[in-house]
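The values are calculated or read from the model by the stated rules, or taken from the named source; none is laboratory data. Quick caveat: nothing in here was measured; it's all calculated off a predicted structure. Note that each Cβ is placed from the backbone with ideal geometry, even for glycine, and that neighbours are counted across all protein chains shown. In case anyone asks, the SASA skips ligands and DNA or RNA and just uses the protein heavy atoms, side chains included. Shrake-Rupley method; radii C 1.70, N 1.55, O 1.52, S 1.80 Å.
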Amino acid sequence: MEPFRYYQYGKRTVNLDGCVEVDAAYYGAPPGWIGRHVQVQWDRHQVRLLDPQTGQLLREHLHQSRGRHRIQNEDRPKQTPLTTLQLLSRADKAGAQIGICRGMHQKDSETAVRRILGVLSLAKKYGAATVEDACAAALEVGIYDYHFVRRYRERQPQLPLSLRQVDPLIRQLTLYRDLIENKTKEN
């Protein structure tokens, strides 16, 4: 005999990595559900994803610990989705060292999408130059991990507010320096 289970219920959106988040763990949805909503039931043992229109069971997963993924093999994409390719392209444009995101993707496939978004968010918030330095340090020691980049960036001394890049329209100070040097050489 088994005691009656009390499930929690909620509505979740399937993210770019094809997963929904429940209690800081990630559970794979069937292909084709990215960006759509699903109903979720969960307890300490199971997580169920349900079609919001019909109530039909889409996937059932065992409960996973925080930060972990549970994805069935048939739900893993055969080739890299276009949205992930666009995300990796954005990372390449943000900086050469921020290309660490490609290493994250090669190592962990679609489960790395959230961490790639995290690195891009750091670059937007603190400026590409500081995140580029943190990524260079990560590449130097061979660690392709968002958490390393974030902690490294947090431990770096903060620049005074006047020297920080606070708006994406403001270019890096080195670009202005190079422009001035080139103009003085011409004259």
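Taken over segment 68-115, the criterion of being more than 28 Å from Gly127 (Cα to Cα) and part of a helix (DSSP H, G or I) is satisfied by Asn73, Glu74, Asp75. I'd like to know if segment 43-59 contains one or more residues that are in contact with a Phe, Trp or Tyr (Cβ under 9 Å, 6 or more places away or on another chain), more than 23 Å from Arg115 (Cβ to Cβ) and open to solvent by 90 Å² or more (accessible area, probe 1.4 Å). So far as segment 43-59 goes, no, none of its residues is in contact with a Phe, Trp or Tyr (Cβ under 9 Å, 6 or more places away or on another chain), more than 23 Å from Arg115 (Cβ to Cβ) and open to solvent by 90 Å² or more (accessible area, probe 1.4 Å). Does Gln86 meet the test of being open to solvent by 30 Å² or more (accessible area, probe 1.4 Å), without any contact (Cβ under 8 Å) to a residue 40 or more places away in the chain and on the phi < 0 side of the Ramachandran plot? Yes.
Filtering segment 1-59 to residues that are part of a strand (DSSP E or B) and β-branched (Val, Ile, Thr) leaves Thr13, Val20, Val22, Val38, Val40, Val47.
Give segment 89-114 a look and list any residue that's in contact with a helix residue (DSSP H, G or I) (Cβ under 7 Å, 6 or more places away or on another chain) and open to solvent by less than 50 Å² (accessible area, probe 1.4 Å), or say none. Give the derivation first.
Step one: list which residues in segment 89-114 are in contact with a helix residue (DSSP H, G or I) (Cβ under 7 Å, 6 or more places away or on another chain), which gives 90-92, 94-95, 97-102, 104-105, 110, 112-113.
Ala91, Ala94, Gly95, Ile98, Gly99, Ile100, Cys101, Met104, His105, Glu110, Ala112, Val113 - these are the residues of segment 89-114 that are in contact with a helix residue (DSSP H, G or I) (Cβ under 7 Å, 6 or more places away or on another chain) and open to solvent by less than 50 Å² (accessible area, probe 1.4 Å).
Is it true that some residue in segment 66-82 is under 26 Å from Leu169 (Cα atoms), at pLDDT below 85 and open to solvent by 50 Å² or more (accessible area, probe 1.4 Å)? Within segment 66-82 (the criterion being under 26 Å from Leu169 (Cα atoms), at pLDDT below 85 and open to solvent by 50 Å² or more (accessible area, probe 1.4 Å)), the answer is no, since none of the residues qualifies.
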